[in-house]
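Below is one structure. I have some questions about it.
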């Protein structure tokens, strides 16, 4: 697709992967709207990047409805949804609670599901569009203390495959991007960005991956792309 004037929604766009993605897509000529839960931070980032914003929590159905209203009023439609908003909790099998699972799944699975549903309602009639779900390499393989987070990303990956089967006949591309570890504010209670690590990925590597899969001609798409640090422990 041609990114010039493309109408793109990036959830969780006030920091980390979402912020880098919004920045790169805006620089490529797209018309971008980001969401974030922190009103002051989201507004500040939007001003910095020159993009639109909506203060919203994807785990709240009312906020999802508000976001789509903003998509229509500020973008005038939707060509691309980047389902990026996500949280994580990392506890052992003897320590996690039902509430831990519910909190993470409300954002990583249920929120993504409802955002995807709203995007599909726009894209099916126009017979075009792209949905990108930001997964994780944790969607491919479990790890110690990863029961909650990894399960949510496995669920997202399954949902991505179901959407793909449903939407291909409408010329809608559904793609999952699986980053390995990227130092961001993800998982930080204070939401403070972590320092870059010379051996680990940066948010911009993932943003470039997203831009690359979007720019493929609309007649084809990459169903799933995993991005690994070459030697993160070297």
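Every read-out reported here was derived from the displayed coordinates using simple, explicitly stated rules and does not represent laboratory data. Given the structure is predicted, the values throughout are model-derived calculations rather than measurements. All Cβ positions, glycine included, derive from the backbone under ideal geometry; neighbour counts span all protein chains shown.
Helix 147-167 against the longest principal axis of the chain: what's the angle in degrees, Cα atoms only, rounded to the nearest 10?
20 degrees
Right, something else. Specify whether the C-alpha gyration tensor of the range 81-234 places it in the rounded, prolate or oblate class, a ≥ b ≥ c being the square roots of the eigenvalues: rounded for a/c under 1.5, otherwise prolate if a/b is larger than b/c and oblate if not. Please list the in-between numbers first.
Working: a/c = 2.10, a/b = 1.36, b/c = 1.54.
In terms of gyration-tensor shape, oblate.
Specify whether the C-alpha gyration tensor of the range 37-126 places it in the rounded, prolate or oblate class, a ≥ b ≥ c being the square roots of the eigenvalues: rounded for a/c under 1.5, otherwise prolate if a/b is larger than b/c and oblate if not. Present the calculation step by step, with values, prior to reporting the outcome.
Details: a/c = 2.75, a/b = 1.56, b/c = 1.76.
It is oblate, given that a/c is not under 1.5 and a/b is not larger than b/c.
Using only Cα atoms and rounding to the nearest 10 degrees, what angle (0 to 90) does helix 61-70 make with the longest principal axis of the chain?
Its long axis makes an angle of about 40 degrees.
While we're looking at this one, here's another question. Between 60, 178, 133, which gets the highest mean-square fluctuation from a Gaussian network model of the chain, Cα cutoff 10 Å?
Of the options given, 60 has the highest mean-square fluctuation.
Same structure, new question: Normalised by the residues of the chain, what does the relative contact order come to in percent, with Cα pairs under 8 Å and at least six apart?
Answer for the chain is 20 percent.
Okay, next question. So how much slack lies between residue 44 and residue 93, counting 0.36 nm per residue of separation and subtracting their Cα-Cα distance, in nm?
13.7 nm
Arrange the following residues from fewest to most other Cβ atoms within 10 Å of their Cβ: 228, 163.
So the ranking, lowest neighbour count to highest, is 228, 163.
Working from Cα positions, state the angle (0 to 90°, nearest 10) between the long axis of helix 16-27 and the longest principal axis of the chain.
Taking Cα atoms only, the helix is inclined about 20 degrees.
Please find the FRET efficiency linking residue 72 to residue 102, where r is the Cβ-Cβ separation and R0 is fixed at 25 Å, and quote it to the nearest 0.05.
That pair, residue 72 with residue 102, gives E of 0.25.
Tell me what the chain gives for mean residue ellipticity at 222 nm when only DSSP H runs of n ≥ 4 count, each as -39,500 (n - 2.57), the sum divided by the residue total, rounded to 500 deg cm²/dmol.
Computed ellipticity for the chain at 222 nm equals -12000 deg cm²/dmol.
A further question on this structure: Give me 210, 87 ranked fewest to most by other Cβ atoms within 10 Å of their Cβ, as a rough exposure proxy.
Least crowded to most crowded, the residues run 87, 210.
Most mobile of 160, 97, 11 per a Gaussian network model of the chain (Cα springs, under 10 Å)?
Largest GNM mean-square fluctuation: 97.
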